[in-house]
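Here is the structure we will look at, set down as structure tokens.
Any read-out appearing in this document is the output of simple, stated calculations on the displayed coordinates, not a laboratory observation. This one's a predicted model, so the numbers in the text were calculated from it and none came from an experiment. Quick reminder, even Gly has a Cβ in these numbers, built from the backbone with ideal geometry, and neighbours come from all protein chains shown.
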Amino acid sequence: MALHQNKSVMNATDLVAAVDLGSNSFRMLVAQVVKTPSGTQLRPIDTLRESVRLAAGLTDNKLLGNDAYQRGIAAIRRFGERIRGFDPANVRAVATNTLRVAKNAPHFIREAEEALGFPIEVIAGVEEARLIYIGAAHEVPAVQGNRLVVDIGGGSTELIIGKGYEPKLMESLYIGCVSHSLRFFPKGNIDSHAFKEAELAARREIQVISEAYLKAGWSQVIGSSGTARALAELIAENNFNGQIDGANGLITRDGLRAMKKHLLKYEHINQVELQGLKDDRRSVWPGGLAIMIAVFDELGIESMEVTDAALRIGVLYDLLGRSQHEDMRFVTVEQFMQRYAVDREQARRVGNLAVEFLTQLPKPDEESRADNIALLQWAANLHEIGLSISHNGYHKHSAYIAGNADMPGFSKNDQARLAALLIGHTGKLGKLANNPSFSDWRMLFCMRLAQVLCRGRSDVNLSKVKVSEHNGNYLVSLSKDWAKEHPLTEFSLQKEAAEWERIGRPYSISLK
């Protein structure tokens, strides 16, 4: 296609971008959305990759060292220039294992968001696994039956079994090419004993999930992302697969063993001579190789096809799903409602009323009203899941589940906000007033008010209530006659006002 033709079709609204802040590399993929009669496709048009080695900069006390910190921010600032002017709805940035565990990750994320110009989600391991599978499933040929996808990252390894585009089993293990290399091959030293220990350590992690995975079975194995691609290229360029027909682009058991044998000829990683071994991969290659051998041996794999950019492709397809009202978070909430036998009528009642109140309040300056409405509805749908454990303190159980369960589609920040609304929707407010990171006061006000008014668990005799806010002061207006006929509700509203006053947030009730 001619250059002038490309310019004519690549409008800003056609472009989407995924940013992957991995433990070893930071990557960005910009793609054009192409809609066809058979569905929507993504056409990659630009990629950026920087070897940041974030995991290697993690100190013993789980802090990002200054050098790694600054390398990361500098790379993100360059990424930000490339997507400057993009619609925020067309960009999704995710951070993985190192930023899940680093104690100073919140500070890094704040600075990184300013440098990038877009929000950054720190995603859970299982969410990372789900997105990896979605990406791989869109990148490789369809297969009958199950597919196993293996992604060895810098700080974690994800293993997923799925069928078609739907993942079934998802696990994230705390073994990665960077962390494993640092642990077993410090300063780049190599010996057979250390390599054997690296293999055994990886196999112990995989053994925990191997029985369930072997029982599920698969007819195709895919290795995704940087480690798998690098291993496949090294095997092909150095003929470690031997004379196997069609072996290029494959990782085979024999190829891995031949590569290991070649590696152990040397005493230090800098001495290793291999065609195609890139400098930015040299230091993390032994750990990745040991983990991949362990995966093959523990799961009985003979050969693996390779694809690239699985996480980034998955992020973009998931982003498209959200814009097309196929948001995985809605599916997750529905599954939780089923699992915990939620009273759907009460959830609907509280949710509708809370959203009605929120729409009466001022629109946020820097947040999406639509996103906040969705979060408020999810909170209402899940606020009673803790009843499945105990009525006493059920809101604490609800919050714990929402904050700690694997919730596909939700970022860590999503889950933290959801858990805060659930812990705060009833009871004392002091627990949130002392939390400087909590900012969803408007949504909490709406949810608590709806909870009070819906205590009777009935749509009958609900009063028409008006709410307003000015400079953080809340005003609740309702009929004086209705309040007189519902003394328990009026008493509860007065208690609610006193609770807000106790934390320094004025709350008035007007009866007319």
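Considering only the other residues whose Cβ falls under 11 Å of the Cβ of Lys168, what net charge follows from Lys and Arg at +1 and Asp and Glu at -1?
Charge balance in the 11 Å sphere: +2.
Below 25 Å Cα-Cα, how many Lys pairs turn up in segment 177-291? Only count pairs eight or more apart in sequence, or on different chains, if you could.
Pairs that pass both the separation and distance tests number 12.
Among the DSSP beta bridges whose two residues both lie in the chain, what percent are antiparallel, rounded to the nearest 5?
Antiparallel bridges: around 65 percent, rounded to the nearest 5.
Roughly how many nanometres apart are two label points built 7 Å out from the Cα toward the Cβ at Thr59 and Lys495?
Here the modelled spin labels are 4.8 nm apart.
At 7 Å along the Cα-to-beta-carbon direction for both Val101 and Lys466, put a label point, then send me their distance in nm to one decimal.
5.6 nm
Output the relative contact order of the chain, whole-number percent, from Cα pairs under 8 angstrom with separation of 6+ residues.
With pairs under 8 Å counted, the relative contact order is 12 percent.
For Ser468, which sequence-distant residues (separation of 5 or more, or a different chain) have an amide H within less than 5 Å of its own amide H, given hydrogens modelled in the peptide plane?
Amide H neighbours of Ser468: Leu475.
Please give the length that would be gained between Asp46 and Asp371 if that part of the chain were fully extended, namely 0.36 nm times their separation in residues minus their C-alpha to C-alpha distance (nm, one decimal).
Taking 0.36 nm per residue and subtracting the Cα distance, the gain is 114.1 nm.
What residues qualify as long-range amide H neighbours of Leu58, i.e. H under 5 Å apart, gap of 5 or more or another chain, H built at 1.01 Å from N?
Here Gly65 satisfy the definition.
Kindly work out what percent of the DSSP beta bridges joining two residues of segment 327-511 are antiparallel, to the nearest 5.
50 percent
What list of ³J(HN,Hα) values in whole Hz, one per residue of segment 435-441 in order, does the Karplus curve 6.51 cos²θ - 1.76 cosθ + 1.60 (θ = phi - 60°) give from phi, with Gly and Pro shown as x?
9, x, 7, 7, 9, 8, 5
Cα to Cα, under 12 Å, and not fewer than 8 places away if on the same chain: which aspartates and glutamates meet these conditions relative to Lys35?
Asp14
Could you work out the relative contact order of segment 3-123? I mean the mean sequence separation of Cα pairs under 8 Å and 6+ apart, divided by the number of residues, in percent.
Rounded, it is 27 percent for segment 3-123.
Can you tell me the order of 365-374, 174-183, 419-428 when each peptide is scored by its average per-residue count of other Cβ atoms within 10 angstrom, highest first?
Numbers: 365-374: 12.2, 174-183: 23.7, 419-428: 21.2.
By packing density, highest mean first, the sequence is 174-183, 419-428, 365-374.
Could you tell me which residue out of Leu64, Val19, Leu29 lies farthest along the dipole of segment 6-139 toward its positive end? Charges go on the beta carbon: Lys and Arg +1, Asp and Glu -1, centred on the Cα centre.
Working it through, the farthest residue towards the positive pole turns out to be Leu29.
Less than 14 Å apart at the alpha-carbon level, and either on another chain or at least 8 residues along: which aspartates and glutamates does that give for Lys363?
Asp371, Asp440, Glu469
By how many nm would the segment from Tyr165 to His268 lengthen if fully extended, with 0.36 nm per residue of separation less the alpha-carbon distance? Before the final figure, lay out each step's value.
On the way: separation 103, 0.36 × 103 = 37.08 nm, distance 4.24 nm.
Working it through step by step, the gained length comes to 32.8 nm.
Taking θ = phi - 60°, what integer Hz values does the Karplus form 6.51 cos²θ - 1.76 cosθ + 1.60 yield along segment 399-410, in sequence order, with x for Gly and Pro?
Once rounded to whole Hz, the list reads 5, 5, 4, 5, x, 10, 6, 6, 10, x, x, 8.
5 Å is the cut-off here: which amide hydrogens, built 1.01 Å from N in the peptide plane, fall below it relative to Leu361, excluding neighbours closer than 5 in sequence?
Those qualifying (amide H under 5 Å, at least 5 residues apart or on another chain) number zero.
Quick one: Cα centre-to-centre distance for segment 41-94 and segment 144-176, in angstrom?
Segment 41-94 and segment 144-176 have Cα centres spaced 23 Å from each other.
Treat every Asp and Glu Cβ in the chain as -1 and every Lys and Arg Cβ as +1, leave all other atoms uncharged, and give the resulting dipole magnitude about the Cα centre to the nearest 20 debye. Write down the numbers at each step before the final one.
On the way: 61 positive and 60 negative charges, 202 e Å.
The dipole of the chain has a size of about 960 debye.
Calculate the spin-label point distance for Arg204 paired with Asp481, positioning each point 7 Å from the Cα along the beta-carbon direction, and give it in nanometres.
About 7.5 nm separates the two model spin labels.
What number, rounded to the nearest 500 deg cm²/dmol, is the helix-based mean residue ellipticity at 222 nm of the chain, given -39500 (n - 2.57) per DSSP H run of at least four residues and division by all its residues?
The helix contribution divided over the chain gives -15500 deg cm²/dmol.
Students often forget the sequence filter, so: which lysines lie under 22 Å Cα-Cα from Lys484 once same-chain residues fewer than 8 apart are removed?
Answer for Lys484, where 22 Å is the Cα cut-off: Lys464, Lys466, Lys495, Lys512, listed by chain and number.
Compactness ratio of segment 126-309: Cα Rg over 2.2 N^0.38 Å, N = residue count?
The value comes to 0.97.
Send over the per residue convex hull volume for the chain, Cα only, as a whole number of Å³.
Taking the convex hull of the Cα positions in the chain, it is 180 Å³ per residue.
Could you tell me the extents of segment 188-285's C-alpha atoms along the three principal axes, largest first, rounded to whole Å?
Principal-axis extents of the Cα atoms in segment 188-285, largest first: 42, 33, 23 Å.
I want the antiparallel fraction of DSSP beta bridges within segment 43-186, as a percent rounded to 5.
Rounded to the nearest five, the antiparallel share is 85 percent.
Along segment 77-85, what does the Karplus equation 6.51 cos²θ - 1.76 cosθ + 1.60 (θ = phi - 60°) give for ³J(HN,Hα), rounded to whole Hz, x for Gly and Pro?
Going residue by residue, I get 4, 5, 4, x, 4, 5, 10, 4, x Hz, with x marking Gly and Pro.
If you put +1 on each Lys and Arg Cβ and -1 on each Asp and Glu Cβ, how big is the dipole of segment 327-511 around its Cα centre, in Debye rounded to 20?
Its charge dipole is roughly 360 debye.
Dipole of segment 65-187 (Lys/Arg Cβ +1, Asp/Glu Cβ -1, origin at the Cα centre): which of Gly125, Pro167, Thr157 lies farthest to the positive side?
Most positive-ward Cα: Thr157.
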